[in-house]
Amino acid sequence: MCIVYDTKKGSTSHIANWIKEGLSGEDENESLIDVKLAKDVMNFDYDLFIIGTPIYWERPLKSITNFLTKNKEKLNKKKIAIFIVCIANLFGHLTDKYIQNNYLGALERKIEGKIIARGVFKGWLRKINYNEKENVIRWAKELAKKIREEGRTI
């Protein structure tokens, strides 16, 4: 499994590692979970890619959309989970449809593989939001459960 991300201010890096932490507690082979910046991914021999990006200026980072476009062929037979880091969900359920259409949708339109999970996490600019860690780990554990139900190991 490979967690692929990019970041500007560091919050997405923390979240990617919290996802690994949540998955690691569910897997005896946690050393098989790699966390990499999109520019560092050279190996596509993973069953699952978890791909994440912060949202800046109403868009996913270009490095992530470029990663998806450039590697479309390599990813089209893979299982994929996506996550975004933004502040839009601070406004409650009123923004759910907007987030789905504009942020998650921007990633989904570039993916031909099977998307098995989507996550939306609250970002921060200065002080690490440790309150979000619990939500991230819960999402990762739900993802691990979904993988196990499909009869696969993490």
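The values are calculated or read from the model by the stated rules, or taken from the named source; none is laboratory data. Note that this is a predicted model, so its numbers are computed, not measured. Positions of Cβ are generated from backbone atoms using ideal geometry, with glycine treated the same way; all protein chains shown enter the neighbour counts.
Filter the stretch 126-140 down to the residues that are among the basic types (Lys, Arg) and either in contact with a Phe, Trp or Tyr (Cβ under 7 Å, 6 or more places away or on another chain) or modelled with pLDDT of 95 or more (or both) and list them by number.
Of all residues in the stretch 126-140, those among the basic types (Lys, Arg) come to 126-127, 133, 138.
Within the stretch 126-140, Lys133, Arg138 qualify.
Tell me yes or no: at least one residue of the stretch 131-153 is of a type in the set (Asp, Glu), surrounded by fewer than 17 Cβ atoms within 10 Å (Cβ to Cβ) and in contact (Cβ under 8 Å) with a residue 40 or more places away in the chain.
no
I need the full set of residues from the stretch 116-130 which are surrounded by 14 or more Cβ atoms within 10 Å (Cβ to Cβ), over 15 Å from Leu48 (Cβ atoms) and either without any contact (Cβ under 8 Å) to a residue 40 or more places away in the chain or among the basic types (Lys, Arg) (or both), in order please.
Result: Val120, Lys122.
I'd like to know if the stretch 15-31 contains one or more residues that are under 16 Å from the mean Cα position of the chain (by Cα), assigned to a strand (DSSP E or B) and surrounded by fewer than 17 Cβ atoms within 10 Å (Cβ to Cβ). Spell out the reasoning first.
Kept after step one, since they are under 16 Å from the mean Cα position of the chain (by Cα), are these residues of the stretch 15-31: 15-24.
Right, trim to assigned to a strand (DSSP E or B) and you get none.
There is no residue in the stretch 15-31 that is under 16 Å from the mean Cα position of the chain (by Cα), assigned to a strand (DSSP E or B) and surrounded by fewer than 17 Cβ atoms within 10 Å (Cβ to Cβ).
Sort out which residues of the stretch 97-115 are under 17 Å from Thr53 (Cα atoms) and either touching a Lys or Arg at 6+ places or on another chain (Cβ under 6 Å) or charged (D, E, K, R) (or both), and write them in order of number.
Leu104, Glu108, Arg109, Lys110
Could you check the stretch 36-65 and list, in sequence order, the residues that are of a type in the set (Ser, Thr, Tyr), more than 21 Å from Ile116 (Cα to Cα) and in a strand (DSSP E or B)? If you could, list the steps in order and put the result at the bottom.
Applying the first criterion (of a type in the set (Ser, Thr, Tyr)) to the stretch 36-65 yields 46, 53, 56, 63, 65.
From what is left, the residues that are more than 21 Å from Ile116 (Cα to Cα) are 56, 63.
Once the filter is applied, which keeps residues that are of a type in the set (Ser, Thr, Tyr), more than 21 Å from Ile116 (Cα to Cα) and in a strand (DSSP E or B), the stretch 36-65 yields only Tyr56.
Which residues, counting only those in the stretch 120-137, are in contact with a His (Cβ under 9 Å, 6 or more places away or on another chain) and assigned to a helix (DSSP H, G or I)?
Glu132, Lys133, Val136
Give all pairs with beta carbons closer than 8 Å in which a residue from the stretch 91-111 that is of a type in the set (Val, Ile, Thr) meets a residue that is surrounded by 13 or more Cβ atoms within 10 Å (Cβ to Cβ) and at pLDDT below 80; count only pairs at least 6 apart in sequence or on separate chains.
Correct list of pairs: Thr95/Ala88; Thr95/Asn89; Ile99/Ala88; Ile99/Asn89.
Please determine whether any residue of the stretch 61-68 is loosely packed, with under 14 Cβ neighbours inside 10 Å, modelled with pLDDT under 95 and under 16 Å from the mean Cα position of the chain (by Cα).
Within the stretch 61-68 (the criterion being loosely packed, with under 14 Cβ neighbours inside 10 Å, modelled with pLDDT under 95 and under 16 Å from the mean Cα position of the chain (by Cα)), the answer is no, since none of the residues qualifies.
Any residue that is at pLDDT below 95, under 16 Å from Ser13 (Cβ atoms) and either outside any strand (DSSP E or B) or of a type in the set (Lys, Arg) (or both) - is there at least one of those in the stretch 102-119?
No: the stretch 102-119 contains no residue that is at pLDDT below 95, under 16 Å from Ser13 (Cβ atoms) and either outside any strand (DSSP E or B) or of a type in the set (Lys, Arg) (or both).
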